[in-house]
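The values are calculated or read from the model by the stated rules, or taken from the named source; none is laboratory data. Note that the structure is a prediction, hence the values are computed from the model and not measured. All Cβ positions, even for glycine, are placed from backbone atoms using ideal geometry, and neighbour counts span all protein chains on display.
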Amino acid sequence: MDLSYTRIVIAGHVDHGKSTLVGRLLSDSGQIFQERIEKVKKICESNGKQFEFAFLLDAFEEEQKEGITIDKTEIPWTYKGKEFLIIDTPGHKEFLKNMISGASTAEIALIMLDAKEGIREQFKRHAYIIGMLGIKNIIVVINKMDLVNYSQTHFEKLEREALNIFNELKIKASYIIPVSAFAGENLLKRSESLSWFKGPHLADSLLTINARESVVNDNLRFSLQDVYKFDENRIYAGKIESGSLAVGDEIKFLPSGSSSRIKSIESWNVKVAPTEALAGTSVGFTLTDPLFLERGEIGYKPTQSKPTVTHQMHASLFWMSNKQLEIGKNYKFKMLTQESECKIESIFKVFNPQNMGEGTSTDSLKLDPGEAAEVIIKLQKNIVCDAFSDFENTGRFVLLDDHRIVGGGVVLKANTINVFKESSHLSSQDRSMRFGHQGAVLWLTGLSGAGKSTIAKVLEKRLFEMNAHSIVLDGDNLRKGICKDLGFSPEDRKENIRRTAEVSKLISESGSVAIAALISPLKSDRQMARKLMGELRFIEIFVDCSLEECERRDTKGLYKKARKGEILGFTGVGSEYESPTKAEIIIDSSLLDPEASVDLIIQYMKKNNILGQNKI
């Protein structure tokens, strides 16, 4: 496949005319062999079917028998000297993954709409997916205008309905064009039947978009595909995703950081070697200083904007697998020629395009098949990217599982923190054998005055006497140290919980027991802390005590200050405490003293094999 093609994906509801449109474009522009047309006609005759242009695209005889397109089909097409790659995708809901696979690398999207049938569920779903994947050049093709007598009134009604949906989804259409693919009207030339339509015919609209896009971004992004050695020369081959290259230009590559200047731009079978190459073209060039580069490097000009080198990103992701996305599972990340193993660290703002409903939770633990969400992705190695809003091709990616595409998305924000987790030479089994217990996080939550800190200190002493390694992370003490820069706004309180959870995780990974004692009033924050632990043991302990009893105790005088208005947003007075519903241990501190409470915790730890027997 020639990487210089402009890629066009065609989507739409089943039987709205996608394959017919492509077949007609190929046939009417003389880009399909007559022998193939005759062969398809014979197949239609043998099956008792009328010839249709859609059958020209069906690559497999089985598809022709079934009468549906079940996989994406890629077809090269040339119009007025410009090369396109048309990606025909299935319209059935069951084949949504194939449609997204085709759209994941496209620069232009055509969404088909049957003029007679009107807008169906797939139209809105496909529009959402195309918008989510970041395709900005969208053409709505209102097909089968012959079935509504080429009515201008009918077209304008559908046009308004489509625009209302696009406004709702916050995306824009470059053009909305009436056509009849079956009759070949308004495809390659203006139609007399549609003389009231003043916009361009379909083929010209594609040229207009392509010309406009070629000057959108002058900043260079070059994706290295391979390095070829000829005699003493190294030819660096790849695609210019944006900007341009000329002989003498300085080019720098990331993530390696290597740089040189363009010595020559290579070409074959030409009398005069080119001195410049433009966006969208595949190119080979030599450098004044031969560099040892690998596939996946991204080139840019040091005098222009620099892409981001990162191992984590905030992205919008559409999940296509028939299995639920797994937090912490290894998937393969692919962007242009770059590849890396990756994991999804967190999921939020879930959207289900099947019912076009957005989830209310901002911290979800799952992503089901067919859903979309914003996610945090962590990669095993550095990749080079941009926010999609700045550069499309270096901001779009797909995820694979066992060589199959399971997700596609765009980068919303790249994180420039280049920190990698180092693995220990000691396993959790090594530590538990030496210490006589497993690492764990005991998370004590409850109102101020419920007795969390008291129980935590008694528990730490008891574990020490049992030769178990433990440490208390008390909320007040943390506020004087690693969290002293935080206030008490909702955002700062959430960050306080996150930092405490991260420290607790490190302690647990070392084989020790972290005893965290914090009010942590929100379920979502405690859920976040639990999620951060991954496979580590996380035990939520609800120290239950009525507000009245906590106020009666008021050991620190905080409730009194809150009632006087001296402390705003104090939990239990100015803000709500969300009691746990699935805590592993519940302690009623109004009935149990600290020693009895600790007995309950120790009993749980032994029963669940956190505390072993060889040293206890």
Filter the range 531-541 down to the residues that are in contact with an Asp or Glu (Cβ under 9 Å, 6 or more places away or on another chain) and at pLDDT 90 or above and list them by number.
538, 539, 540, 541
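I'd like to know if the range 259-268 contains one or more residues that are in contact with a Pro (Cβ under 6 Å, 6 or more places away or on another chain), free of Cβ contacts under 8 Å to residues at least 60 places away in the same chain and either assigned to a loop (DSSP other than H, G, I, E, B) or among the polar types (S, T, N, Q) (or both).
yes
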Any residue in the range 478-486 that is modelled with pLDDT under 95, within 34 Å of the chain's Cα centre (by Cα), within 25 Å of residue 579 (Cβ to Cβ) and not aromatic (Phe, Trp, Tyr)?
yes
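Select, from 230, 222, the only residue that is without any contact (Cβ under 8 Å) to a residue 12 or more places away in the chain, of a type in the set (Phe, Trp, Tyr) and on the phi < 0 side of the Ramachandran plot. Walk me through how you get there before you give the answer.
Numbers: 222 fails: without any contact (Cβ under 8 Å) to a residue 12 or more places away in the chain.
After applying the criteria, what remains is 230.
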Which residues, counting only those in the range 383-397, are part of a strand (DSSP E or B) and at pLDDT below 90?
396
Cβ contacts < 8 Å: first residue in the same structural domain as residue 514 (by TED's automatic domain parsing) and of a type in the set (Phe, Trp, Tyr), restricted to the range 440-454; second residue in a strand (DSSP E or B) and surrounded by fewer than 24 Cβ atoms within 10 Å (Cβ to Cβ), any location; separation 6+ or different chain. Result?
443/538; 443/539; 443/540
Which pairs have Cβ atoms under 6 Å, sit 6 or more apart or on different chains, and link a residue in the range 333-344 that is touching a residue at least 12 places away in the same chain (Cβ under 8 Å) to one that is assigned to a strand (DSSP E or B) and of a type in the set (Gly, Ala, Ser)?
333/340; 336/223; 337/223
Evaluate the following for residue 591: is it in the same structural domain as residue 460 (by TED's automatic domain parsing), surrounded by fewer than 13 Cβ atoms within 10 Å (Cβ to Cβ) and aliphatic (A, V, I, L, M)?
yes
Within the range 569-607, which residues are farther than 14 Å from residue 446 by Cβ, in contact (Cβ under 8 Å) with a residue 60 or more places away in the chain and under 43 Å from the mean Cα position of the chain (by Cα)?
569, 570, 602, 604, 605
Among the residues in the range 151-162, are any at pLDDT 85 or above, closer than 30 Å to residue 409 by Cβ and in a loop (DSSP other than H, G, I, E, B)?
no
Among 512, 504, 524, 508, the single one that is within 15 Å of residue 445 (Cβ to Cβ) and modelled with pLDDT of 90 or more is 504
For the range 103-139, enumerate the residues that are under 19 Å from the mean Cα position of the chain (by Cα) and either assigned to a helix (DSSP H, G or I) or among the β-branched types (Val, Ile, Thr) (or both).
103, 105, 125, 126, 127, 128, 129, 130, 131, 132, 135
Of the residues 219, 210, which single one is polar (S, T, N, Q), assigned to a loop (DSSP other than H, G, I, E, B) and either modelled with pLDDT under 95 or outside the structural domain of residue 391 (by TED's automatic domain parsing) (or both)?
219
Could you look through the range 170-182, keep only residues that are within 18 Å of residue 13 (Cα to Cα) and touching a residue at least 40 places away in the same chain (Cβ under 8 Å), and pick out the one that is surrounded by the fewest Cβ atoms within 10 Å (Cβ to Cβ)?
182
Report, ordered by the first and then the second residue, all pairs with beta carbons closer than 7 Å, sequence separation of six or more or different chains, a first member in the range 269-292 that is at positive phi, and a second member that is assigned to a strand (DSSP E or B) and crowded, with 16+ Cβ neighbours inside 10 Å.
280/6; 280/240
Quick check on the range 173-191. Is at least one of its residues assigned to a loop (DSSP other than H, G, I, E, B), touching a helix residue (DSSP H, G or I) at 6+ places or on another chain (Cβ under 7 Å), under 18 Å from residue 142 (Cβ atoms) and polar (S, T, N, Q)?
yes
For residues in the range 111-157 being farther than 30 Å from residue 350 by Cα and of a type in the set (A, V, I, L, M, F, W, C), which is surrounded by the most Cβ atoms within 10 Å (Cβ to Cβ)?
145
